[in-house]
Amino acid sequence: MVDVGFICEGDTEVKIVRSDAFQALLTVSGLRCVSPIQDADGNGNLLPRNLEKRRAALYKGGATHIVILTDQDNDVSADDTRKRIGDHPNQHTVVAVRAAEAWFLADSTTMSVIMGVEFHHDRPEQEADPFETIRQLFIQQTGRGVGTKPILARRMIKCGFTIERAAAHENCPSARYFLTKLQTLASAN
């Protein structure tokens, strides 16, 4: 087993990593999630000077690799986001294009369950604000909203969201990159 620690930008990413489906994926892949999962509480806290304490806690817990899970937000590119966070040995930065909520849009199966109708979004990572897109879709379809981002994340996970389905979407390369990165770490064992 390869011991991996996760530093997440915020609550949505933490909920994804903590989910039973994600933990099962890690186990099947030969990876073990080191506790506690670190919540950076916003991308402004993912600067090199703010990461050392979080990395140290994960290394102390036995992590041999650190995965930072963040959003691109308003950065021009995922590479710009990675540069802002900086490099560190055995640190791997995964950047969700725009926001992790784009991965929710890419999981057509779970979105169909939640919406109550067949759902497919052609370009989930092209949405400027995926959460707002989901919110508007819910209002149009159900007449009510989705609540906050953490409430949406809980609901998506409860209804079966998986990173594997998001990664299988033809236009969700950041989820595919995340899955590939995990597979690469697993093969390092």
Hey, can you tell me all the residues within the stretch 48-88 that are of a type in the set (Asp, Glu) and either closer than 18 Å to residue 102 by Cβ or part of a loop (DSSP other than H, G, I, E, B) (or both)? 71, 73, 75, 79, 80, 87
One residue is enough: does the stretch 115-123 have a residue meeting the conditions modelled with pLDDT of 95 or more, part of a helix (DSSP H, G or I) and crowded, with 18+ Cβ neighbours inside 10 Å? no
Is at least one residue of the stretch 166-180 assigned by TED's automatic domain parsing to the domain that holds residue 39, outside any loop (DSSP other than H, G, I, E, B) and within 16 Å of residue 18 (Cα to Cα)? yes
Could you list, in sequence order, the residues of the stretch 1-20 that are among the aliphatic types (A, V, I, L, M) and either not assigned by TED's automatic domain parsing to the domain that holds residue 91 or not in a helix (DSSP H, G or I) (or both)? 1, 2, 4, 7
Conditions: (1) out of contact with any strand residue (DSSP E or B) (no Cβ under 8 Å at 6 or more places or on another chain); (2) surrounded by 14 or more Cβ atoms within 10 Å (Cβ to Cβ); (3) not polar (S, T, N, Q). Residue 66 meets all but one. Number of the miss? (1)
Looking only at the stretch 21-47, and only at residues there that are touching a residue at least 40 places away in the same chain (Cβ under 8 Å) and not in a strand (DSSP E or B), the one that is farthest from residue 101 (Cα to Cα): 30
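The values are calculated or read from the model by the stated rules, or taken from the named source; none is laboratory data. Predicted model only: the values in this text are computed from it and were never measured. Positions of Cβ are generated from backbone atoms using ideal geometry, with glycine treated the same way; all protein chains shown enter the neighbour counts.
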